[in-house]
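Since every read-out is calculated from the coordinates, none of them should be taken as a lab result. Computed from a prediction, not measured in an experiment: that's the story for all the values here. Because the Cβ atoms are built from the backbone with ideal geometry, glycine has one as well, and the counts that use them run over all protein chains shown.
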Amino acid sequence: MKILDSLRASLSKDKTVATTPTNAPVNRSMRKKPLKRKVKPCTEESRQQVIEQIRDVVHDKGYKVMSVTNLLNCFGFQKRSSSNVELITVMLAEHNLTVHPQLSLGLKPADCLRIYGFPVAQLGDLFESEEEVKTQGARQQRERELEDFIDKHDLFHRLGLKKVERQYSPKQTRDRFDFLCSDAKGARVVLELKHVGGGKSAVEQVLRYIGMLKQEQPGKKARGILVTGIRDVDTAKALHGMTPAQQQEIEWYLYRYNKGSGDVSFELVTYDFIDHHLEILNKAS
C-alpha cells in the first residue's frame with residue numbers, strides 16, 4: 001500500500017500526467033464538444049463553378065455520386081428546405097444535369113445521389129430500390145413480383161397487348177420470355193420487364209427474343225416491348241445505336257407504380273426523346 005501511495009503522490013506532482021479515480025464524477029462541462037463544420041455561403045459565381053466541376057465528372061465518367069448532405073453543402077446550404085431543394089434542381093437542370101433519385105425533403109442526409117447528363121427518371125414507386133437489390137437473385141425476385149402484379153391485374157391491354165403465355169420458352173432453347181403476347185394486328189410480341197433500369201443487355205435480350213420468334217414462324221411479324229422502372233442513359237444509348245429496322249421492332253416503356261393505390265401504368269419513351277437528349281449530351285461532352 002505504501003508503494004502505491006507513493007506512486008500516486010509522485011504522479012500527482014507530475015504536471016504531464018493526470019489521474020482521475022474511476023469512481024469520480026465526470027465534469028461534462030469540461031468535455032470538448034465536437035466542432036460543427038461551417039458551411040460558407042455560396043455566391044452565384046461559386047455555385048456555377050460547382051456545377052462546372054460536376055459536369056466535368058459527369059462527362060468523363062457518365063455520372064457523379066454525391067450524398068444529399070454533400071450536394072447541399074456544395075451549394076452553401078446546411079439544411080434542406082423546399083426553396084433550396086428547388087434552387088439546386090433548377091440550377092442543375094439549366095445545365096442539363098439530373099439528380100437521381102430526385103432531390104427531395106424525404107431523403108436521408110446520407111442517401112446516395114447520382115447526377116447525370118441525361119434526364120434519368122422514375123415515374124413512381126419501384127418494387128424495390130436499386131440500392132436494396134444488390135444480388136442477381138434478389139433482382140430476379142423483384143422482377144417476378146412485377147410480373148405477378150401485371151399478370152394478376154391483367155394490365156396487358158394498357159400496352160395494346162393480349163397475354164398468350166407466361167415464361168414462354170421457344171423450342172430448342174433454354175431462354176424464357178417474361179410474357180409472349182399478341183397485338184391487335186396479330187403480331188407476336190415479346191414483353192420483357194425490368195424493375196429498375198434495363199441497359200444494353202436488356203435491349204440485346206429483347207432483340208434476341210424477337211429473332212427467335214421469327215425463326216419459329218418466319219412468315220409472321222414479331223416485335224418486342226421493354227418495360228423498365230427507371231429511364232436510364234444506358235438503355236437510351238443501346239436503343240439509339242440500333243438500326244432503323246430494329247428500332248421499328250422494339251418499344252421502350254417506363255412503368256409507374258403507385259403503392260398507395262396499388263396500380264401500374266406505362267409511359268412510352270419515344271425515339272425522338274432519346275435522340276434529342278443524347279444529342280445534347282454529346283454536344284456537352
Relative contact order, percent, segment 132-285 [alpha-carbon distance under 8 Å, six or more residues apart]:
17
Per-residue HN-Hα couplings for segment 270-284, Karplus 6.51 cos²θ - 1.76 cosθ + 1.60 at θ = phi - 60°, whole Hz, x for Gly and Pro?
7, 5, 4, 4, 4, 4, 4, 7, 6, 5, 4, 5, 5, 5, 5
Could you give the nm distance between label points at Ile280 and Gln140, where each point is 7 Å from its Cα heading toward the beta carbon?
3.9
If I stretch the segment between Ser46 and Gln247 completely, what's the gain in nm (0.36 nm per residue apart, minus their alpha carbon distance), one decimal?
68.0 nm
Coil-residue trypsin sites (Lys or Arg not before Pro) of segment 145-185, DSSP, other Cβ within 10 Å capped at 11
Lys171, Arg174, Lys185
May I ask you to evaluate 6.51 cos²θ - 1.76 cosθ + 1.60, the Karplus curve with θ = phi - 60°, for each residue of segment 73-84 and list the ³J(HN,Hα) values in order in whole Hz, giving x for glycine and proline?
4, 4, 9, x, 10, 8, 10, 8, 9, 4, 6, 6
Per residue, what volume in Å³ does the convex hull of the Cα atoms of segment 178-233 enclose?
77
Show me 102-112, 202-212, 59-69 ranked by packing, highest mean number of other Cβ atoms within 10 Å first.
202-212, 59-69, 102-112
Got the relative contact order for segment 153-236 handy, in percent, Cα pairs under 8 Å and 6 or more residues apart?
27
Charges at C-beta only: +1 for Lys and Arg, -1 for Asp and Glu. How large is the resulting dipole of segment 62-209 about its Cα centre, in Debye rounded to 20?
340
Cα gyration tensor, segment 146-279 - rounded (a/c under 1.5), prolate or oblate
oblate
Can you list the residues, at least 5 places off or on another chain, whose amide H is less than 5 Å from the amide H of Leu113, using H built in the peptide plane?
Met66, Ser67, Val68
